[in-house]
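The values are calculated or read from the model by the stated rules, or taken from the named source; none is laboratory data. Keep in mind that this is a model prediction, so the values were computed, not measured. Positions of Cβ are backbone-derived with ideal geometry, glycine not excepted, and every protein chain shown enters the neighbour counts.
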Amino acid sequence: MKKVSLLIVAVSAIATVDAAELIAKRPSVERMAHACSGCHGTYGHAIAPTPVLAGMAEEVFVKAMGEFKAGQRESSIMNRIAQAYSDEEIVGMAQFFKKQ
Amino acid sequence: MSGINRRKFLKLAGTLGALGLAACTTAPRKGSKAKVVIVGGGYGGSTAAKYLKLFNPLLDVTLVEKMKHYYSCAGSNEVISGWHDLDWLLRSRDGLQTKLGVKLVKAKAVEIDPQNRLVILKDGSELPYDRLVLSPGVDMRFDAIDGYDLKTSKFIPHAWKAGKQTTLLLNQLRAMRNGGVVIITAPASPYRCPPGPYERASLIANYLKQTKPRSKIIIIDAKTQFSKQELFLKGWQDLYPGMIEWISSAKEGQIDHINPTKLLVVTEFNSHRADVLNVIPPQKAGWLARKTELADHTRWCPVDPHSFESTLIPNIHIIGDACIATPMPKSAFSANSQAKICAAAIVDLLNDRQPGPPSLINHCYSFLAPDYAISINGVYEYSGTERQLVATAGGVTPMNADRQLEAKFAKSWRDNISADSFGG
């Protein structure tokens, strides 16, 4: 019984470390934002009709992504993608694109 | 790869690196003095060259590719359907040189010497590298289907690489009689462009419906399900009723052999005669990667998703269709996204920084008609517990979504991915 509980302690210790590692090691905002350019152009300079993200006002980006994520604004594409990012990450990407 | 595996790998990489250094004439160059060579100028290699220069304009970046221009495989089904000429698929990399300072070398790389960190070209010249990126794409496995080899592919197209093969299939469809049967054989996963065979069936149907409406398309599949299946089946029912038949391997088993003279596909339980036969064989990592022993028993190249560095040979990164980036599909979009993570990681590594966690996207459109498209996408991150990439979001076009709007963005995607990958 003792062995079993030790094992459980050991396993959960590993799990805790891994979870902490995962939370601490989020991808950088730059790495996230560059993935967008496959559709939205290099540094967000898209060719129309795909929306241009470069220079977009921070609040416009944050509002749009928040609404896509919550399903309040309908898009056959962005509803699926926006789910991946936390609110803080969305703000980070907004600041990245605003500067381009 | 993290924890013990990652440490083990780094230790191994360090040992190999030290061995390499001992035999090397030059010590590795760091920071902006480093030389990065890229072999393969498709979506992956071109994007890697571009973003290396964007991230550090002082880097010495050389892109080696034997073909002057690249015929994009993405979009080639639209050429087969007759919507565009073959030249519409051409992508020029000139801007990478004129605007960003990438050195473009038109040559065939025939060998890699990982010990001395050299790429050897066909004329015998050597290109030294500190970091090498390989984006070699796929080779067809001409030993996989009895009756279908390289010679046979000259008259029974695979059309799974754009160019002559695209034209061959297009011309055969043009010459086919009304009421003819087109057979497409689809391979087991993984292969380049998972929804590709089904988009092809749709667009061939689009052409035949207008010109030879009594014709039929049969897909003989090595799989029991396929990408965006429900959306394709709905689209076929709405647009091309009765024209496309999909045969799962659950029904007929695998292909036993192909009779190339009679254009016969013989499965375990049946046989089908084609007027036009399109065999999409199983595939493997491009030749140079396999020759350098960067591929494992699966015939694809294992990599660390933080950097896309090979887990088998240090200082060599593999991106695009040739690498194992499960669960990302083998697609132009994946290659483009992987190239950016790889470029950022190389800049980190050359400055003695450990590359941070990756974030990637794939988004693949399929056309069913000029104003009707569907898509599948995914956002990917590294999972320390899974020790590989995982999808954190994504999915397929909702069943009730506007297909015309998807088609509009599918067209726009082509412009944007091309500019992002090949434009300076």
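B:Thr385 meets the conditions (1) more than 20 Å from A:Ala33 (Cα to Cα); (2) surrounded by fewer than 18 Cβ atoms within 10 Å (Cβ to Cβ); (3) β-branched (Val, Ile, Thr); (4) in contact (Cβ under 8 Å) with a residue 60 or more places away in the chain in every case but one. The failed one is (4).
Against the condition touching a Ser or Thr at 6+ places or on another chain (Cβ under 7 Å) and over 30 Å from B:Asn56 (Cβ atoms), how does B:Ile316 come out, does it pass? No, not satisfied.
Restricting attention to segment B:94-135, the residues that are within 18 Å of B:Tyr51 (Cα to Cα), of a type outside the set (D, E, K, R) and in a loop (DSSP other than H, G, I, E, B) total 5.
In the condition set (1) outside any helix (DSSP H, G or I); (2) exposed (fewer than 15 other Cβ atoms within 10 Å of the Cβ), B:Asp87 is compliant with all but (1). Residues in segment B:247-277 that are without any contact (Cβ under 8 Å) to a residue 24 or more places away in the chain and not in a strand (DSSP E or B): B:Lys251, B:Gly253, B:Thr261, B:Lys262, B:Glu268, B:Phe269, B:Asn270. Candidates are the residues of segment B:397-410 that are buried (at least 17 other Cβ atoms within 10 Å of the Cβ) and more than 8 Å from every other protein chain (Cβ to nearest Cβ); the one that is nearest to the chain's Cα centre (by Cα) is B:Ala410. A Cβ distance below 9 Å, combined with a sequence gap of six or more or placement on separate chains, defines the contacts here; from segment B:141-155, residues that are over 17 Å from B:Thr267 (Cα atoms) reach residues that are among the β-branched types (Val, Ile, Thr) in the pairs B:Phe142/B:Thr152; B:Thr152/B:Ile258; B:Thr152/B:Val279; B:Ser153/B:Val279.
Being part of a strand (DSSP E or B) and more than 7 Å from chain A (Cβ to nearest Cβ) is a condition met by no residue of segment B:347-357. Test B:Tyr382 against the stated conditions and say whether it is part of a strand (DSSP E or B), within 13 Å of chain A (Cβ to nearest Cβ), more than 18 Å from the chain's Cα centre (by Cα) and at pLDDT 95 or above. In short, yes. The residue that is farthest from the other protein chains (Cβ to nearest Cβ), among those in segment B:40-66 that are of a type outside the set (D, E, K, R) and assigned to a strand (DSSP E or B), is B:Val64.
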